[in-house]
Amino acid sequence: MSQFTHSIKVPTQYKATAKILKAAIEKQKSIKSLIFEEKHARVRSLQAVLKHYSDNRGAVDNAIEETGLLKDNPNLDSALAKVLVTELIFGRGELNGESRPVQTVRLYKERLQQAISGAEYQKKEPNPRYVRINTNLLSIADALDYLYGEEWRRKQLAADATYADFLVAIRTLEEDEFLMDIHVEGVLIFHSKWSHYWASHDYVRSKKFILQNKATCLAAELLAPPVGSTVLDMCAAPGMKTLHLCNVMQNQGRIYAVEQSKERYKALCDITNEAGCQIVTPILGDALTMDSTKCPDVEYVLVDPSCSGNGMQSRISVCDEQKDDKRLYKLAGLQIKILSHAMSAFPNVKRIVYCTCSLWKEENEQVVQRCLQLNPSFKLLSCKKALRNKWQNVGDKEYVKIGKNCLYCLPDHDLTDGIFLAMFEKRQENDCE
């Protein structure tokens with residue numbers, strides 16, 4: 001190995017990314033929070049490398065083991081090796097610089113590729129790219145005209161198409177086709193190949209198009225606040241659902257958008273301003289301190305509290321996540337407090353939608369069950385019926401009168417993020433059911 005020049009340093013972006021990966025593996029810390037804390041300017045651009053590693057972790061680890069990369073080079077840091085191999089095989093296909101670790105991994109490129117191509121591992125097929133039209137800034141008609149002008153072809157569904165037909169249409173999208181969603185107005189569906197294309201598109205940068213997974217759009221769809229109504233978004237940042245509510249209300253009425261974190265509050269203010277939201281009142285504060293004096297005349301409430309997030313497909317996981325019962329117990333306690341507060345603190349409330357990006361029943365059906373026990377003046381409505389029965393995955397039938405009325409978006413079936421939704425309505429005086 002005498003041909004290596006030891007004085008050449010490893011590029012900073014690789015070192016910073018390896019540092020994040022190492023902390024995530026050894027300390028079981030969240031990749032997302034570690035990236036947010038990292039001061040190095042370019043590390044966020046290498047979030048893609050961490051996502052590639054997350055998606056192909058088994059293949060990368062097996063290839064490193066099979067080729068003897070770490071065994072032959074004991075001074076090579078394990079986390080750095082994983083970053084470099086991932087970038088070389090699943091990322092850009094090349095490495096920057098001439099440092100010893102970079103040159104070492106380059107020498108193994110052919111062997112690594114052979115190990116990966118010869119291994120039997122299941123690569124997860126990415127879900128489609130969802131793009132929502134921000135009707136504050138662009139009408140649906142103008143958005144379609146733009147797409148046709150760019151030579152996109154709209155894939156049409158038969159008038160009597162079922163939800164199963166719709167899912168088949170998504171799976172068989174040609175690369176130059178797009179679909180209009182059958183549940184949420186203004187949601188466009190593209191082949192997964194175009195994920196990066198839309199991420200850097202001018203219409204996305206200008207907030208005419210919003211990159212929002214279809215599953216999370218169902219929250220505003222189910223809440224369905226009429227034009228001119230008053231809405232409370234209790235845990236609003238980063239603001240995608242707040243913006244969608246604004247679109248549903250045609251930018252008329254009022255939305256109180258509450259966020260406790262200063263950094264996330266700033267992100268909420270930025271996106272609602274840039275996206276042309278004229279009816280949003282951002283509030284920096286604790287949702288549990290909000291009431292009808294601070295947020296008067298509230299009729300519709302969205303409760304989207306902190307959760308385990310295990311349904312998010314963009315989530316970067318670098319180790320096998322185990323169910324953490326202690327953490328779920330704490331999260332569920334907070335979720336019950338917030339949802340129950342929404343039910344009791346606003347006398348004019350008509351409808352509440354509860355939403356998590358979790359697939360654990362402790363955060364979903366069990367929270368719904370407890371809040372209905374604590375607040376008998378509310379009843380559960382059927383999410384499936386609200387979607388014209390064009391849905392299949394509902395809650396657990398073990399939870400009588402609860403499970404069948406709740407809704408799950410399941411990544412492998414519905415081709416979305418994993419999301420849970422429940423819809424509550426305040427009972428009328430003569431409603432004894």
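Below are the figures for this structure:
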read-out	value
Inter-residue pairs, beta-carbon under 9 Å, first farther than 15 Å from Asp233 by Cβ and in region 339-351, second of a type in the set (Lys, Arg) and at pLDDT 95 or above, 6+ apart	Ser340/Arg370; Met343/Lys426; Lys350/Lys426
Scan of region 355-390 for residues that are open to solvent by 30 Å² or more (accessible area, probe 1.4 Å) and more than 23 Å from the chain's Cα centre (by Cα), ordered by number	Gln369, Arg370, Leu372, Gln373, Leu374, Pro376, Ser377, Lys379, Leu381, Lys385, Arg388, Asn389
Test: Ile352 is assigned by the TED database to the domain that holds Pro238, in a helix (DSSP H, G or I), crowded, with 20+ Cβ neighbours inside 10 Å and on the phi < 0 side of the Ramachandran plot	no
Cross-chain or 6+ apart pairs with Cβ under 7 Å, region 167-195 first and at pLDDT 95 or above, then part of a helix (DSSP H, G or I) and of a type in the set (A, V, I, L, M)	Phe178/Leu147; Leu179/Ala169; Leu179/Ile170; His183/Leu218; Val184/Leu218; Gly186/Ile140; Ile189/Ile170
Scan of region 122-151 for residues that are surrounded by fewer than 16 Cβ atoms within 10 Å (Cβ to Cβ), modelled with pLDDT of 95 or more and not in a helix (DSSP H, G or I), ordered by number	Ser139, Glu150, Glu151
One residue from Leu245, Leu288 being part of a helix (DSSP H, G or I), out of contact with any strand residue (DSSP E or B) (no Cβ under 9 Å at 6 or more places or on another chain) and closer than 18 Å to Ile338 by Cβ	Leu288
Of all residues making up region 189-238, the number that are farther than 20 Å from Ile271 by Cβ, part of a helix (DSSP H, G or I) and open to solvent by 40 Å² or more (accessible area, probe 1.4 Å)	4
From the options Ile352, Ile336, Ile402, residue that is touching a Phe, Trp or Tyr at 6+ places or on another chain (Cβ under 7 Å), of a type in the set (Val, Ile, Thr) and over 30 Å from Ala169 (Cα atoms)	Ile352
Residue that is nearest to Val353 (Cα to Cα), among those in region 300-327 that are open to solvent by less than 40 Å² (accessible area, probe 1.4 Å), assigned to a loop (DSSP other than H, G, I, E, B) and modelled with pLDDT of 90 or more	Asp304
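Residues checked against (1) surrounded by fewer than 20 Cβ atoms within 10 Å (Cβ to Cβ); (2) at pLDDT 85 or above; (3) in contact with a strand residue (DSSP E or B) (Cβ under 8 Å, 6 or more places away or on another chain):
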residue	(1), (2), (3)
Thr5	yes, no, no
Thr17	no, yes, no
Val43	no, no, no
Ile64	no, yes, no
Leu84	no, yes, no
Gly97	yes, yes, no
Arg111	yes, yes, no
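The values are calculated or read from the model by the stated rules, or taken from the named source; none is laboratory data. Only a predicted model underlies this, so the values are computations on that prediction, with no experimental measurement involved. Cβ: placed from backbone, ideal geometry, glycine included. Neighbour counts: every protein chain shown. Side chains are part of the model used for accessible areas, which takes the heavy atoms of the whole protein and leaves out ligands, DNA and RNA. Shrake-Rupley method; radii C 1.70, N 1.55, O 1.52, S 1.80 Å.
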